[in-house]
Amino acid sequence: MSERLVSAGRRMALGLADSVVTMPLLRWTWRGQTDNAYAGDLPDFRPADREAVREMMSGRYLLASKLFETGGASPFSLDVNHPDWWNNLHSFSWLRHFRDVRDPGEKLFARTLVLDWIGREGQFEADSWTLTLTAQRVLNWLRHLTLVLDGATPDQTRTIQRCLSTQVQSLKVRGALATDSVEALFAAIGLLGAELCNVGDVPDIDTHVTRLEALLGRQLDRDGLHLSRNPKLQLSLLVELASVRRAVGRHGSPAMAELANRIDRMHEALDALTLSSGEPAYFNGCGQVPHDVLVAVQANGPSNSRRSRLLGGYGVVRAGEAVVIGDGGLRPPPGFDAEAHDGALAFEFSHGSELIVGSCGPAPSDLPDSQELFRQAVAHSSPTIDAEGAAQQRGRLAEPKPLALDTGEHMLTMTSAGFSGRFGVEVERRLTLLSEGTTLVGQDRIIAGGDPQGLLALRFHLAPGIVVRRAAGEGIVRLTLPNGAVWSFLWEGAQCREEDSVRQSAYLGFHRTRQLVLETNIAAGTEIAWIFTLEQQ
């Protein structure tokens with residue numbers, strides 16, 4: 001209890017200090033070094049799309065898979081109730097699409113948008129100056145500063161450089177006061193990027209590298225996975241880290257070796273949690289991610305090992321063209337659990353380029369009232385008892401059981417004690433890939449010492465585009481995938497029904513899908529067996 005009180009007191013004190021330094025009366029302290037000059041020296045490996053430039057110049061902004069038309073007005077003047085789109089706009093990640101433009105008019109348009117943002121948001125605003133957004137914006141401006149300043153007047157150049165310096169100063173002042181660990185981490189990345197591009201002073205790269213490495217050391221597990229267990233956040237961090245890593249390499253910093261090693265482990269963890277369909281598993285807040293950015297990030301990491309392994313509370317089984325990723329239900333530690341989902345014993349399954357079984361993902365950012373619904377176990381391909389998941393434990397959360405992986409048999413065993421407090425049982429799930437990944441066998445078993453009661457349900461959320469066919473009275477369901485492949489689903493020990501479902505998709509938006517549900521009343525030793533198998537053509 002005392003540790004929690006100390007932690008809460010520290011957060012309160014830091015929050016108060018941040019409120020003080022962001023008061024208009026004291027913001028002048030940020031401008032002690034606003035005459036610093038920066039050069040656009042950071043590499044950007046993300047792909048650029050010239051068509052996106054044309055669309056923006058015509059007033060159509062497709063960001064975070066959401067399209068808004070401005071009708072000729074500034075995008076920064078819109079009142080948009082879509083946080084992902086808004087954050088993407090204010091982070092300037094779209095500036096990369098202007099990277100290869102040669103037309104003076106297109107360069108002028110990019111510069112006009114930067115100056116427009118400065119005119120509207122150049123003074124501190126709580127929403128648009130969060131540490132994460134500010135760091136991402138600083139890094140994106142530094143990647144493309146040469147483009148933005150090409151053709152600028154001396155006054156415009158001073159305005160942009162001064163605003164850039166002010167944002168860097170805000171990272172220095174506020175980064176040390178951050179109550180959110182992830183925000184502090186992004187601030188450190190932004191400061192390292194700024195130091196790498198600082199042409200007005202002798203750069204102190206080693207100090208910034210050492211600080212960033214220390215922060216990563218506190219926020220990553222031994223496998224290189226962020227403690228939030230969120231693959232989407234892992235990708236967001238790697239977008240920035242891979243860029244500054246390249247730039248630091250040109251300076252030959254001796255402090256970079258350990259940081260480079262951590263970044264390599266982060267790449268490997270993200271690769272492990274990516275299905276063969278090219279999507280990261282939808283666990284703990286991860287939903288749609290830009291596929292082209294994911295591929296670009298993965299291309300900048302070490303060679304993919306693509307092996308079965310355990311990491312960060314997840315189990316990964318690979319055989320042939322198939323990948324199964326299971327969530328053991330490890331709860332992220334306090335401070336990293338804002339996006340935690342009740343996904344204990346959930347799994348996602350892909351074969352080749354096709355996702356077969358997944359999860360719903362988080363609620364779309366423009367549906368904030370649905371966030372808690374999509375965090376529940378029923379939104380995952382996982383077992384529930386009386387529609388409750390393992391994490392809906394009353395009182396103290398049960399410690400997760402260790403995962404067991406048999407690489408020779410391509411079998412993952414996950415056990416959850418999260419149901420013991422309410423139902424007096426543990427649930428064990430075994431997932432086994434057979435025949436070079438063309439068959440997935442599942443076994444879900446109730447472990448109990450007494451006479452438990454409740455309704456055990458297993459949910460299998462099917463991927464978008466899968467057509468479900470089941471003849472009346474047959475104990476088999478046939479699934480036709482978008483690529484034409486047909487998979488059979490068989491089961492025993494339960495009743496099967498079909499229901500509606502949804503899934504976030506990087507290509508289709510929030511897409512309506514189907515799910516299969518197996519149900520039976522629980523008793524000691526209750527077991528449900530099920531199989532997905534590819535039918536030979």
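The values are calculated or read from the model by the stated rules, or taken from the named source; none is laboratory data. This one's a predicted model, so the numbers in the text were calculated from it and none came from an experiment. All Cβ positions, even for glycine, are placed from backbone atoms using ideal geometry, and neighbour counts span all protein chains on display.
The residues on offer are T533, T526, and the sole one that is within 29 Å of P452 (Cα to Cα) and polar (S, T, N, Q) is T526. State whether one or more residues within the range 250-258 are surrounded by 22 or more Cβ atoms within 10 Å (Cβ to Cβ), of a type in the set (D, E) and either modelled with pLDDT under 95 or not assigned by TED's automatic domain parsing to the domain that holds D44 (or both). The answer is no; no qualifying residue exists.
Give the residue that is farthest from the chain's Cα centre (by Cα), with candidates limited to residues of the range 65-75 that are closer than 24 Å to Q288 by Cα and touching a residue at least 12 places away in the same chain (Cβ under 8 Å).
Checked the range 65-75; the qualifying residue farthest from the chain's Cα centre (by Cα) is P75.
Of the residues making up the range 61-83, just one is surrounded by 15 or more Cβ atoms within 10 Å (Cβ to Cβ) and either among the charged types (D, E, K, R) or outside the structural domain of L113 (by TED's automatic domain parsing) (or both), namely K66. Is it true that A296 is within 17 Å of P231 (Cβ to Cβ), touching a Lys or Arg at 6+ places or on another chain (Cβ under 6 Å) and outside any loop (DSSP other than H, G, I, E, B)? Criteria met by A296.
Among the residues that make up the range 344-359, is at least one of them touching a residue at least 24 places away in the same chain (Cβ under 8 Å) and over 29 Å from T438 (Cβ atoms)?
Quick first cut of the range 344-359, residues touching a residue at least 24 places away in the same chain (Cβ under 8 Å) only: 344-359.
When the remaining residues are screened for being over 29 Å from T438 (Cβ atoms), the result is none.
Scanning the range 344-359 turns up no residue that is touching a residue at least 24 places away in the same chain (Cβ under 8 Å) and over 29 Å from T438 (Cβ atoms).
Of all residues in the range 117-128, at least one satisfies being aliphatic (A, V, I, L, M) and either modelled with pLDDT under 90 or assigned to a loop (DSSP other than H, G, I, E, B) (or both). Taking residues in the range 483-498 that are exposed (fewer than 14 other Cβ atoms within 10 Å of the Cβ), and partners anywhere that are of a type in the set (S, T, Y) and part of a strand (DSSP E or B), the pairs with Cβ atoms closer than 7 Å and at least 6 places apart or on different chains are Q495/T520.
Does A187 satisfy the condition of being in contact (Cβ under 8 Å) with a residue 40 or more places away in the chain, crowded, with 21+ Cβ neighbours inside 10 Å, farther than 28 Å from V80 by Cα and of a type in the set (G, A, S)? Here the answer is no, as A187 does not meet what is asked.
Among residues of the range 97-113 that are outside any loop (DSSP other than H, G, I, E, B), those with a Cβ under 9 angstrom from a residue that is of a type in the set (D, E), sequence gap 6+ or separate chain, pair up as H97/D49; H97/E51; F98/E106; P104/D150; K107/D150; R111/D150. Take the conditions (1) closer than 21 Å to Y38 by Cβ; (2) in contact with a helix residue (DSSP H, G or I) (Cβ under 6 Å, 6 or more places away or on another chain); F109 misses just one of them, which is (1). Across the range 196-228, the qualifying residues are those that are in contact (Cβ under 8 Å) with a residue 60 or more places away in the chain and within 19 Å of A338 (Cβ to Cβ), and the one among them that is surrounded by the most Cβ atoms within 10 Å (Cβ to Cβ) is H226. Comparison of D444, D451 shows that the only residue that is more than 18 Å from L534 (Cα to Cα), in contact (Cβ under 8 Å) with a residue 12 or more places away in the chain and over 32 Å from the mean Cα position of the chain (by Cα) is D451. Looking across the range 341-390 at every residue that is more than 17 Å from T415 (Cα to Cα) and among the polar types (S, T, N, Q), the one that is surrounded by the most Cβ atoms within 10 Å (Cβ to Cβ) is identified as S359.
S236 fulfils the conditions (1) surrounded by fewer than 22 Cβ atoms within 10 Å (Cβ to Cβ); (2) over 17 Å from the mean Cα position of the chain (by Cα); (3) of a type outside the set (D, E, K, R); (4) part of a helix (DSSP H, G or I) except for a single criterion, (2). Hey, does the range 118-126 have a residue that's buried (at least 20 other Cβ atoms within 10 Å of the Cβ) and free of Cβ contacts under 8 Å to residues at least 60 places away in the same chain? Within the range 118-126, not a single residue is buried (at least 20 other Cβ atoms within 10 Å of the Cβ) and free of Cβ contacts under 8 Å to residues at least 60 places away in the same chain.
When S276 is tested against (1) part of a helix (DSSP H, G or I); (2) touching a strand residue (DSSP E or B) at 6+ places or on another chain (Cβ under 7 Å); (3) of a type in the set (S, T, N, Q), exactly one condition is not met: (1). Checked against (1) within 16 Å of the chain's Cα centre (by Cα); (2) buried (at least 20 other Cβ atoms within 10 Å of the Cβ); (3) hydrophobic (A, V, I, L, M, F, W, C), A338 passes all but a single condition, namely (2). The C-beta contact set for the range 455-480 (first residue not assigned by TED's automatic domain parsing to the domain that holds A346, second residue buried (at least 23 other Cβ atoms within 10 Å of the Cβ) and of a type in the set (S, T, N, Q), distance under 7 angstrom, 6+ apart or interchain) is empty.
Residues in the range 168-182 that are closer than 20 Å to P333 by Cα, of a type in the set (S, T, Y) and in a helix (DSSP H, G or I): S181 only. When T480, T439, T432, T520 are checked against the criterion of being crowded, with 17+ Cβ neighbours inside 10 Å, polar (S, T, N, Q) and closer than 14 Å to I356 by Cα, a single residue qualifies: T439. Entry remark, the range 142-163: residues being touching a Leu at 6+ places or on another chain (Cβ under 6 Å) and either assigned to a helix (DSSP H, G or I) or among the aliphatic types (A, V, I, L, M) (or both) number 3 in total. Taking the range 232-250 as the range and being over 13 Å from Q136 (Cα atoms), without any contact (Cβ under 8 Å) to a residue 60 or more places away in the chain and of a type outside the set (S, T, N, Q) as the test, the residues that pass are K232, R245, V248, G249, R250.
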